[in-house]
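*Asks:* First the structure, then my questions, so here it is.
The values are calculated or read from the model by the stated rules, or taken from the named source; none is laboratory data. Just so it is clear, the structure is predicted and the values come from calculations on it, not from any experiment. Cβ coordinates were reconstructed from backbone atoms using ideal geometry, including for glycine residues, and neighbour counts include every protein chain displayed. Protein only, heavy atoms only, side chains kept; ligands, DNA and RNA dropped before computing areas. Shrake-Rupley method; radii C 1.70, N 1.55, O 1.52, S 1.80 Å.
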Amino acid sequence: MDFLNSFLNLILPPISLTAFFFFLPIYLFFKSLSFITNSIFSEDVAGKVVLITGASSGIGEHLAYEYAKRGAYLALVARRENRLEEVAAVAESIGSPYALVIPADISKVEDCKRCIQTTVTHFRRLDHLVNNAGVSSINLFEEYDNLQNAVPVMDVNFWGMVYCSYYGIPHLKQSRGKIIGIASAAAWLPAPRLSFYTSSKAAVISFYETLRVEVGREIGITIVTPGLVESEMTQGKFMSKDGRLYLDQQLRDATVSIMPIMPINDAVKGILRSVCRGDRYATEPRWMRMAFYYKTVWPELVEWFNYLVTMSGSSNSPANTFGKRLLQLSGLKKWFYPESVRSQQLDLKSN
């Protein structure tokens, strides 16, 4: 028998619980003091150089506008050059001194290296790296005929952030800059039909938490875990089981169900406030952070609720789930879903 581990199994849990409740008030006091201090001395991003991936729509696009209003230079990265040109024009009209357009596929390591090099060559520095680009695949695991079709989810959502971070870190160290990794609150939740998406976002969180230990004294890292925020994904843009992007608002209704969707402008304002304060984590809407604690304390309850809302009564089809029927019968959709989410049609080319 391993005496040491048996001893620790007996002694460490009660000691840890006692220490937790003893030090919690002290920790919360200093945490509150730090929050107030960082809010007062929040970073001014005017004149800073900010690279944003997935900048052609959703959180990436509107973060570009928020940075622009504060006077930041922008490097905008996505696949859709025409959309990037439109975003750049708006950004410059509302305050950005210059917005550089860089068409690229961030799932490719060569494109990520080029994005960083192009930005630094043009602006001579890099201050904020916003890794935002993402894609969602909404299918039951058993529905996949070929698991290779799910590989792009990890390639975009995880490896794209890894590649950009790898090439950006040397320049961010020089500027004492920041990395902003857009993960998702879905990483905490066992949501049906989102196995690959949630796994990719959980990987993002683990990657940046580890990276923070390695380089956090030289580079600030803010991990963003949005809940349901107005975007192309909440408008119904998904990756099918055969790897194609398509629009399915019925599937969106079944998956999102009775959860309120936060307007994009409010979300990005909160995210950028957190970034400029130097927060380690940012969640919008803030109440969504409670999902993490529910999952930690009552995992069985969370799993049961997610099954009830998104799977119950469906017979593996999203058409008649309990949550979707409740959404339709209650009339909550007009209150929970912004107008753009309810009606907007999308360009289905990926970010």
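*Asks:* Report, in debye and to the nearest 20, how large the dipole of region 63-182 comes out about its Cα centre when Lys and Arg carry +1 and Asp and Glu carry -1 on their Cβ. Numbers along the way, then the final one.
*Replies:* Numbers: 13 positive and 13 negative charges, 168 e Å.
Dipole about the Cα centre, nearest 20: 800 debye.
*Asks:* Turning to a different aspect of this structure: Give me D for region 121-201 in µm² s⁻¹, whole number, from Stokes-Einstein with Rh from the Kirkwood sum over alpha-carbon pairs, 4 °C and 1.567 mPa s. Walk me through the numbers on the way to the answer.
*Replies:* Values: Rh = 14.1 Å.
It diffuses with D of about 92 µm²/s by this estimate.
*Asks:* Right, another one. What ranking, highest mean first, results for peptides 129-135, 291-297 when packing means the other Cβ atoms within 10 Å averaged over each residue? Numbers along the way, then the final one.
*Replies:* On the way: 129-135: 28.1, 291-297: 13.4.
Highest-to-lowest ranking by the protection proxy: 129-135, 291-297.
*Asks:* Please list 3J(HN,Hα) in residue order for region 190-200, calculated via the Karplus relation 6.51 cos²θ - 1.76 cosθ + 1.60 where θ = phi - 60°; whole Hz, with x for glycine and proline.
*Replies:* Coupling constants for region 190-200: x, 8, x, 6, 10, 4, 6, 5, 5, 5, 5 Hz.
*Asks:* Bin by bin, in steps of 10 Å, what percent of the Cα pairs in region 14-141 do you find, going until the bin that has the longest distance?
*Replies:* It works out to 12, 34, 21, 16, 14, 3, in whole percents.
*Asks:* As a test question: what accessible area, to the nearest 10 Å², does Glu230 have when a 1.4 Å probe is rolled over all protein chains in place?
*Replies:* 30
*Asks:* What does the accessible area of Asp266 come to, in Å² to the nearest 10, when a probe of 1.4 Å is used?
*Replies:* 80
*Asks:* What figure in square angstrom, to the nearest 10, would you give for the accessible area of Arg83 with a 1.4 Å probe?
*Replies:* 50
*Asks:* Order the following by accessible area, largest value first: His122, His62, His128. Probe radius 1.4 Å; ligands, DNA and RNA are ignored.
*Replies:* Working: His122 90, His62 40, His128 0 Å².
Descending accessible area places them as His122, His62, His128.
*Asks:* Using the structure shown, list the pairs from Lys31/Lys201; Lys113/Lys178; Lys48/Lys108; Lys113/Lys173 with a Cα-Cα distance above 24 Å, or answer none. Mind dumping the intermediate values first?
*Replies:* Working: Lys31/Lys201 26 Å; Lys113/Lys178 18 Å; Lys48/Lys108 26 Å; Lys113/Lys173 17 Å.
As for pairs spanning more than 24 Å Cα to Cα, those are Lys31/Lys201; Lys48/Lys108.
*Asks:* Can I ask one more? Taking the Cα centre of region 1-73 as the origin and placing charges on Cβ (Lys, Arg +1; Asp, Glu -1), which of Ile15, Pro25, Thr37 is farthest toward the positive end of the dipole?
*Replies:* Positive-most Cα among the choices belongs to Thr37.
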